[in-house]
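Encoded as C-alpha cells, the structure appears first; notes follow it.
The values are calculated or read from the model by the stated rules, or taken from the named source; none is laboratory data. This is a predicted model, so every value here is computed, not measured. Ideal geometry is used to build each Cβ from the backbone, glycine not excepted, and the neighbour counts take in all protein chains shown. Heavy atoms of the whole protein, side chains included, go into the accessibility calculation; ligands, DNA and RNA do not. Shrake-Rupley method; radii C 1.70, N 1.55, O 1.52, S 1.80 Å.
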Amino acid sequence: MSKKAPPHRIILTLQPDGTMKAKVEGITGPGCQGVTDWLHDLGEVVEDRKTAEFYSMVSTDDKAGRTLKAGGTW
Amino acid sequence: MSKYLIIETNITSEPILAAALEQVGWEMNFAWEHHPEGQPLVGYEGRQRRETAEFIVRRRQLGGASNDLGWKRQPDGKFKVVVSSFDMGKQRTMGIVNEVRDAYAIGEATQKAKAQGYTVTPVKNDQGKVVQLTLARY
C-alpha cells in the first residue's frame, strides 16, 4: 500500500459461505484502488464492485458556484 | 464506501492453518496431527485409505463411524480438505471444516493487514466468534 494513502478504513466481514466481504470507507474515487491491492493476496476475488462514490467527480456547475463533491457534506 | 470486494480465501499457509486448527480444536474439543510429509487417512472400518494429508483430525475425534478428516497440500500450493462423501453429511465434521476455514480466513487477514500497517480491531458475534475485522489506517 502506498505510504501516501489517506486515512481510511476497510471492513472485512466473514460471510456464511466462508468468503470475506471487504468494504473500503473514507476514500472516494480511484484513490481506493491502490489500498485494496493487497487484499488479492488473501485469495480469489470473485467480485470487485465500484459504487457510485468511486465515480464521484468534483463539479463547479451549481448555480451558487460552490464546489460540490459527491458523497460529501454540503 | 466506494468499492467492495468478495474474496474466497485460499488456505496456503501452514502456520496459519495450524493456528486455526489449534483454536478450533480448543473450542470444539478435538486433537489434530501435523505430518509434514503426509500420512494416510484411516477409514471408519480402521483400514488405511489411499488418501494422505499433512494435517489430520482422526476419526475417533469425530464421532462414531467417521473417517479421518484431512487438509492436503495440492500442487498449486493450496490446501484442500479431504473428507469422505459420507462424512459430508455429518454436522460435527462439517462444523470443524467450516470453523477451520473461517478461523484461517480471519487469521490470514489479520496477519496481512498488520503487515500493511493497519490497526486491526476484531468484532465478535454473540457466540464469541470473530466475524468481522475493522482495519484502520490514519
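Some points to look at:
- Test: residue in the range B:70-86 that is part of a helix (DSSP H, G or I), more than 11 Å from chain A (Cβ to nearest Cβ) and either touching a strand residue (DSSP E or B) at 6+ places or on another chain (Cβ under 7 Å) or of a type in the set (A, V, I, L, M, F, W, C) (or both): no
- Filtered residues of the range B:8-54 (kept if under 15 Å from B:Lys80 (Cα atoms), within 14 Å of another protein chain (Cβ to nearest Cβ) and open to solvent by less than 40 Å² (accessible area, probe 1.4 Å)): B:Thr9, B:Asn10, B:Ile11, B:Ser13, B:Ile16, B:Leu17, B:Ala20
- Pick from the range B:79-96, criterion under 11 Å from the mean Cα position of the chain (by Cα) and surrounded by fewer than 18 Cβ atoms within 10 Å (Cβ to Cβ), ranking: nearest to B:Asn67 (Cα to Cα): B:Met94
- Evaluation of B:Ile11 against (1) out of contact with any Leu (no Cβ under 6 Å at 6 or more places or on another chain); (2) touching a residue at least 24 places away in the same chain (Cβ under 8 Å) (one fails), failing number: (1)
- Given (1) more than 7 Å from chain B (Cβ to nearest Cβ); (2) at pLDDT 90 or above; (3) open to solvent by less than 30 Å² (accessible area, probe 1.4 Å), index of the condition A:Leu42 fails: (1)
- Qualifying residues in the range B:105-123 (those that are more than 9 Å from chain A (Cβ to nearest Cβ) and touching a residue at least 60 places away in the same chain (Cβ under 8 Å)) - the one nearest to B:Phe30 (Cα to Cα): B:Gly107
- Residue check for B:Glu51: over 30 Å from A:Leu39 (Cα atoms) and assigned to a strand (DSSP E or B): yes
- Sole residue being out of contact with any helix residue (DSSP H, G or I) (no Cβ under 6 Å at 6 or more places or on another chain) and more than 28 Å from A:Arg9 (Cβ to Cβ), chosen from B:Asp68, B:Asp102, B:Asp76, B:Asp87: B:Asp76
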